[in-house]
Amino acid sequence: MVSERKIRVLIAKPGLDSHDRGAKIVARALRDAGMEVIYTGLRQTPEQIVETVLQEDVDVLGLSILSGAHMTLFPRIMELMKKNGLTDVLVFAGGIIPEEDMPKLKKLGIKEIFGPGTPLETIIDFVRKNAPRRM
Amino acid sequence: MTSTLKQLACSILTGDRRSIARAITLIENNGEKARKLVAFLYPHTGKAHIIGVTGPGGSGKSTLIEKLVSEFRRRGKTVGVVATDPSSPFTGGAFLGDRIRMQRLATDEDVFIRSMATRNVPGGIAKATKDAVTVLDAAGKDIIIVETVGAGQAEVDIIKVAHTIVVVFAPGLGDEIQAIKAGIMEIADIFVVNKADLENADKAVIDIKASLELNTQGKAWKPPVLKTVALTGEGIEQLINEILQHKAFLEKGAGVHKRRKKVETELVEAIKEKVANLIVENLKKEKAFEKLVEEILNRKIDPYSAASKLIAELTSSWKGD
Amino acid sequence: MFKKEKLEEIAENEERWKQTTLPKWLSTRPERKPVFKNTSDFEIKRVYTPLDVANLDYIRDLGFPGEYPFTRGVHATMYRGRLWTMRQFSGFGTAEQTNRRFKYLLKEGETGLSIAFDYPTIMGYDSDHPIAKGEVGRCGVAVSSLKDMEVLFDGIPLDKVTTSMTINGPAAMLLAMYVAVGDKQAVPREKLGGTTQNDMLKEFFAQKLCIFPPRPSVKLVTDIIEYCARYLPKWNPISISGYHIREAGANAVQELAFTLYDGITYVESTLERGLKVDDFAPRLSFFFASHNDFFEEIAKFRAARRLWAKIMKERFHAKNPRSLWMRMHVQTSGCTLTAQQPLNNIIRVTIQALAAVLGGTQSLHTNSFDEALALPSELAVRVALRTQQIIAHESGVADTIDPLAGSYYVEALTNEMEEKAMEYIQKIDDMGGIYAAIEKGFFQREIANSAYRYQTEIERKERIIVGVNEYKVEEEETETIPILRIDPKVEEEQIIRLQKLRRERDNRKVKQVLEKLHYAAEKNENLMPIIIEAVKAYATLGEICDVLRAIYGEYKELVII
């Protein structure tokens, strides 16, 4: 099937955090912007998330977390991404992440972090501009 | 075939998950390379049993599939799942929501799950699904499950790739029989009434059986109607046993004949597609083509008569030489 | 309430006003929007008159405080007799740290305790479970055993305070621990006062902190209601919650309707046990959010009281007046607070708190201004508490009961709230009740759609959020606001403590009581007594929950985006 190539996005909720209002809204917005979106549902381990990235061969991974556990979970996720050769995937994050943690997370390879109040347009533009052009 | 493509193909044969994933992406996006890859892999297929699972939204298919996969795993089988969802005709985007119910299986190395959007290309997803199944088959999966929402013609075409087609209903979703295009009811091999703990489950079973009475007279395989409660796992073993029975049926007598017919149909479809494209390509180059387009625009002739004219010239030229 | 002739006169005059005075204004100063709506999608009129409440009957629709239909309040003296309880939801880190925060808040004048537990605890996992990695003590206090509970209440006499525990899946276990601490302090069980949130239905479509599937979850909820009806007469076994439903994205009328329907379901499930409605209904309590639309919230609270009273009277035939009371706790809305210009949140919380007070709440939590950044710092939580105290002591609003009664707008809005909520309730009844509606994804769809709509309004600037899509500043002052950080050592300490506990307790006894629990659960008995026994033997939270997980299975949510 030769169709127009679509940006495939995985929206993931790592850890025990159960706040999914934002993740679901972003998923819907990206879909309405013409992308193919997979949402993992709640309570995903880093292993589950990275394996899903691999099998679904997504271009983009969005991580949503509001529980404060990001400094444990994100490094683990990025480590597994590297181990599985998935470093070309665009990774961004959202939720409650203190500004002082952002530089460390960016160093791990998380390209951008969108805090509360970020307009959906900003996220959509960011993904469109930065999703890897593969093949 | 390029060496990278060859490498990819060989990698798939070893069951490498990354390669399987990349191959399916190729199939979704690149016609030429995908053709070559699938051609290379085809001789290595034929081992997998392909199960199609379809039914109206809300019938609990994904939960049912998760239980099926778990049970197959328990029996030592490796499994691939291809889950399809519709793309929006307006935005082109899609929410691929089947995987959520199966996430528990994400870290089982012998389960591969892939979500595909229909992408609004007529016939496109059916072909892509078929090719994705080929990849998974070549990668060594014992069981491949294809999931669709049985809502339209595209979905009927997708599910035809399967050896065993399971249609899943749930009570209270409305008129069960009308809920699915007639096409699916006719090709189904097994019927399941899921959420059988709800009221009206027995009535749904009776309704389906009644409708089947009329349609399966004289057929070699009589589709059973089963009850399941996917959430608890009730009825899953029985479902698997029926699937295995159907597999055994396919491997002998009437089943073999059915398989042969299917392959013939596939070949004919492939020929049709190639021939149609070939002829159209050539006709478009004729001067007569442009002229006829003008005449249609000026309402001097209708498109069908114009087509007949073009074909007549072509076939007469065959006879001529 | 109004004479027919007077109403006609007003109608004529309104018509005249529309024809003469109004047009001039509309042409020189067009209104800011073509239509004004609140979150419930009710159209807000330009001006309300007696015509909008023409059918209002004071005795039938409002009544006096403390009397049916309780629109004006559940108590006859309300805040003149006793101010609402100032109960700040708190918890983080270890039990010692939270114990210190409790003592700080009590010293600063809060009048009730409210515990926030961490995610592993809420999900029924011990702090040393692999899934708890990185999460221990981050969003609340870690409680893995009775030992932690004892530390949590060290120096806090349970006969002098009331405690609200925001716990749902493992509510029975945490309540059991509280009872055990009370026993140790020699406080008679009949004197223990407080609340367990214990509302599983809303978890399935809003807060999503479910361990077991719906029916076993409701069974456990009902176990607690039944147990408290018999043995803990001062304990509110349940706080039927709309807060989470609202925060997940529902609008005000959905919050109201879905909460009431959950309440209806719990009453039914308890009646099925053979209890009489008046045996337990007086102790059912409620929990709502308070959002920014001031009058919409006030109308919601008043409509809630009236509607619940009617439901208890007409649907369940309760006879005891106390069964008809809707006692509520309110928390100001977390999701309306912004990370941008955080000090603005103090104003938002003030408006929301004021609405709750004018709405007649029994208990109130005010959010801290750093809500969108981290858990509350001491400074921020102090300001939040002071907000309540200033409203109580300096504003005068607590000096009379239900001051907004009679406002044409407020009464019209209250009526509309009640009407629209009833429509939802009827709809869910028609759908086959709560389990059918959850399975069909009804609540999830309504909530997802409201949430998306709200966000779209913000994106289009149809809804202004100060500091976020308007009145922004270049330099945010977030760097200057002290943020609470959870020390990762908390997790290490908890793990060590747990390992020590498991070594030092009588493991044989633990094994025995867990087996006993297993059999009782299989036989579908009320599990509270055995769970109390288990926590006293220092079985851990995770161990107890695992027994039940094995029997009830775990829940997978239905996702609707």
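The values are calculated or read from the model by the stated rules, or taken from the named source; none is laboratory data. Only a predicted model underlies this, so the values are computations on that prediction, with no experimental measurement involved. Every residue, glycine as well, gets a Cβ built from its backbone with ideal geometry; the counts of neighbours run over all protein chains shown.
Any idea which of (1) within 14 Å of chain C (Cβ to nearest Cβ); (2) of a type in the set (S, T, N, Q); (3) surrounded by 19 or more Cβ atoms within 10 Å (Cβ to Cβ) is the one residue A:118 doesn't satisfy?
Evaluating residue A:118 over (1) within 14 Å of chain C (Cβ to nearest Cβ); (2) of a type in the set (S, T, N, Q); (3) surrounded by 19 or more Cβ atoms within 10 Å (Cβ to Cβ) leaves (3) as the failure.
List, please: which pairs have Cβ atoms under 8 Å, are six or more places apart or on different chains, and start with a residue in region C:423-440 that is touching a residue at least 12 places away in the same chain (Cβ under 8 Å) and end with one that is crowded, with 17+ Cβ neighbours inside 10 Å and among the basic types (Lys, Arg)?
Between residues of region C:423-440 that are touching a residue at least 12 places away in the same chain (Cβ under 8 Å) and residues that are crowded, with 17+ Cβ neighbours inside 10 Å and among the basic types (Lys, Arg), the close pairs are C:439/B:195.
Could you list, in sequence order, the residues of region B:186-199 that are more than 21 Å from residue B:253 (Cα to Cα) and modelled with pLDDT of 85 or more?
Matches in region B:186-199: B:191, B:192, B:193, B:194, B:195, B:196, B:197.
Take the residues of region C:56-99 that are β-branched (Val, Ile, Thr), in a loop (DSSP other than H, G, I, E, B) and at pLDDT 95 or above: which is farthest from residue C:12 (Cα to Cα)?
C:77
Here is a yes/no grid of residues against (1) buried (at least 22 other Cβ atoms within 10 Å of the Cβ); (2) polar (S, T, N, Q); (3) under 16 Å from the mean Cα position of the chain (by Cα):
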| site | (1), (2), (3) |
| --- | --- |
| A:69 | yes, no, yes |
| A:74 | yes, no, yes |
| A:84 | no, yes, no |
| A:109 | no, no, yes |
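Which condition does residue B:42 not pass, out of (1) in a helix (DSSP H, G or I); (2) of a type in the set (Phe, Trp, Tyr); (3) within 11 Å of another protein chain (Cβ to nearest Cβ), if it passes all the others?
So the condition that residue B:42 fails would be (3).
So, in region A:107-123, how many residues would count as being in a helix (DSSP H, G or I) and more than 23 Å from residue C:476 (Cβ to Cβ)?
1
Checking residue B:228 against (1) free of Cβ contacts under 8 Å to residues at least 40 places away in the same chain; (2) surrounded by 11 or more Cβ atoms within 10 Å (Cβ to Cβ), only one condition comes out false. Which one?
(1)
So residue C:452 clears everything in (1) more than 30 Å from residue B:195 (Cβ to Cβ); (2) surrounded by 19 or more Cβ atoms within 10 Å (Cβ to Cβ); (3) within 13 Å of chain A (Cβ to nearest Cβ) except one condition, right? Which one?
(1)
Anything in region C:14-55 that is among the polar types (S, T, N, Q), under 29 Å from residue C:298 (Cα atoms) and either exposed (fewer than 14 other Cβ atoms within 10 Å of the Cβ) or at pLDDT below 95 (or both)? List them, or say none.
Selection gives C:55 alone.
Being among the β-branched types (Val, Ile, Thr) and away from chain A (no Cβ under 14 Å), is that true of even one residue in region C:420-432? Before the answer, list the steps.
Step one: of region C:420-432, the residues among the β-branched types (Val, Ile, Thr) are C:425, C:428.
Among the residues that remain, those that are also away from chain A (no Cβ under 14 Å) are: C:425, C:428.
So far as region C:420-432 goes, yes, one or more of its residues are among the β-branched types (Val, Ile, Thr) and away from chain A (no Cβ under 14 Å).
If you check A:97, A:25, A:110, which single one turns out to be more than 9 Å from every other protein chain (Cβ to nearest Cβ) and in contact (Cβ under 8 Å) with a residue 40 or more places away in the chain?
When all the criteria are applied, what remains is A:110.
Quick one: would you say residue C:436 is over 30 Å from residue C:43 (Cβ atoms) and away from chain A (no Cβ under 14 Å)?
yes
Would you mention how many residues in region A:91-106 are of a type in the set (Lys, Arg) and closer than 22 Å to residue A:132 by Cα?
Residues that pass the stated criteria total 1.
Of the numbered conditions (1) farther than 20 Å from residue A:5 by Cβ; (2) among the polar types (S, T, N, Q); (3) within 11 Å of another protein chain (Cβ to nearest Cβ), residue A:64 satisfies every one except a single condition; which is it?
Condition (3) is where residue A:64 drops out.
Can you list residue pairs whose Cβ atoms sit under 8 Å apart, with the first residue in region C:1-14 being within 14 Å of residue C:57 (Cα to Cα) and in a loop (DSSP other than H, G, I, E, B) and the second being among the hydroxyl-bearing types (Ser, Thr, Tyr) and modelled with pLDDT of 95 or more? Count only pairs 6 or more apart in sequence or on different chains.
What qualifies is C:1/C:58.
Give, as residue ranges, the helices (runs of 4 or more DSSP H) completely inside region C:119-192 that count at least 1 residues that are out of contact with any Lys or Arg (no Cβ under 6 Å at 6 or more places or on another chain) and small (Gly, Ala, Ser).
Result: C:171-184.
Could you list, in sequence order, the residues of region C:342-397 that are assigned to a loop (DSSP other than H, G, I, E, B), hydroxyl-bearing (Ser, Thr, Tyr) and within 17 Å of the chain's Cα centre (by Cα)?
Once the filter is applied, which keeps residues that are assigned to a loop (DSSP other than H, G, I, E, B), hydroxyl-bearing (Ser, Thr, Tyr) and within 17 Å of the chain's Cα centre (by Cα), region C:342-397 yields C:361, C:366, C:368.
Is it the case that residue B:48 is at pLDDT 95 or above, more than 22 Å from residue B:163 (Cβ to Cβ) and within 21 Å of the chain's Cα centre (by Cα)?
no
For region B:96-113, which residues satisfy the criterion of being aliphatic (A, V, I, L, M) and at the interface with another protein chain (Cβ under 7 Å from one of its Cβ atoms)?
So the first thing to find is which residues in region B:96-113 are aliphatic (A, V, I, L, M), and the list is B:96, B:100, B:102, B:105-106, B:111, B:113.
Result: B:96, B:100, B:106, B:113.
If a residue must be touching a residue at least 24 places away in the same chain (Cβ under 8 Å), small (Gly, Ala, Ser) and buried (at least 23 other Cβ atoms within 10 Å of the Cβ), how many such residues does region C:348-379 contain?
6
With respect to residue A:87, is the statement that it is free of Cβ contacts under 8 Å to residues at least 60 places away in the same chain and facing chain C (nearest Cβ under 9 Å) true?
Answer is no for this residue.
Between a residue in region B:114-134 that is at the interface with another protein chain (Cβ under 9 Å from one of its Cβ atoms) and any residue that is of a type in the set (Ser, Thr, Tyr) and in a helix (DSSP H, G or I), which pairs come within a Cβ distance under 9 Å, given they are 6 or more apart or on different chains?
Sorted first by the residue in region B:114-134, then by its partner, the pairs are B:116/B:129.
crowded, with 24+ Cβ neighbours inside 10 Å, within 14 Å of another protein chain (Cβ to nearest Cβ), under 19 Å from residue C:497 (Cβ atoms) and at pLDDT 95 or above - does that describe any residue in region C:152-175?
Yes.
In region B:216-321, which helices (runs of 4 or more DSSP H) lie fully inside it and hold 3 or more residues that are at negative phi, more than 23 Å from the chain's Cα centre (by Cα) and of a type outside the set (A, V, I, L, M)?
Here the list reads B:253-285, B:287-297, B:303-320.
For residue C:515, state whether it is on the phi < 0 side of the Ramachandran plot and touching a residue at least 24 places away in the same chain (Cβ under 8 Å).
On the way: on the phi < 0 side of the Ramachandran plot: yes; touching a residue at least 24 places away in the same chain (Cβ under 8 Å): no.
Here the answer is no, as residue C:515 does not meet what is asked.
Grab the helices (runs of 4 or more DSSP H) fully contained in region C:207-319, keeping just those with 1 or more residues being away from chain A (no Cβ under 14 Å) and either surrounded by fewer than 22 Cβ atoms within 10 Å (Cβ to Cβ) or modelled with pLDDT under 95 (or both).
C:214-231, C:252-271, C:277-280, C:294-310
Have a look at C:428, C:391 and point out the one that is touching a Phe, Trp or Tyr at 6+ places or on another chain (Cβ under 7 Å) and at negative phi. First the steps, then the outcome.
Numbers: C:391 fails: touching a Phe, Trp or Tyr at 6+ places or on another chain (Cβ under 7 Å).
Of C:428, C:391, the one residue that is touching a Phe, Trp or Tyr at 6+ places or on another chain (Cβ under 7 Å) and at negative phi is C:428.
Listed here are the residues, each with its yes/no results for (1) surrounded by 19 or more Cβ atoms within 10 Å (Cβ to Cβ); (2) within 13 Å of another protein chain (Cβ to nearest Cβ); (3) in a loop (DSSP other than H, G, I, E, B); (4) free of Cβ contacts under 8 Å to residues at least 24 places away in the same chain.
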position	(1), (2), (3), (4)
B:11	no, yes, no, yes
B:18	no, yes, no, yes
B:33	no, yes, no, no
B:68	yes, no, no, no
B:77	no, no, yes, no
B:89	no, yes, yes, no
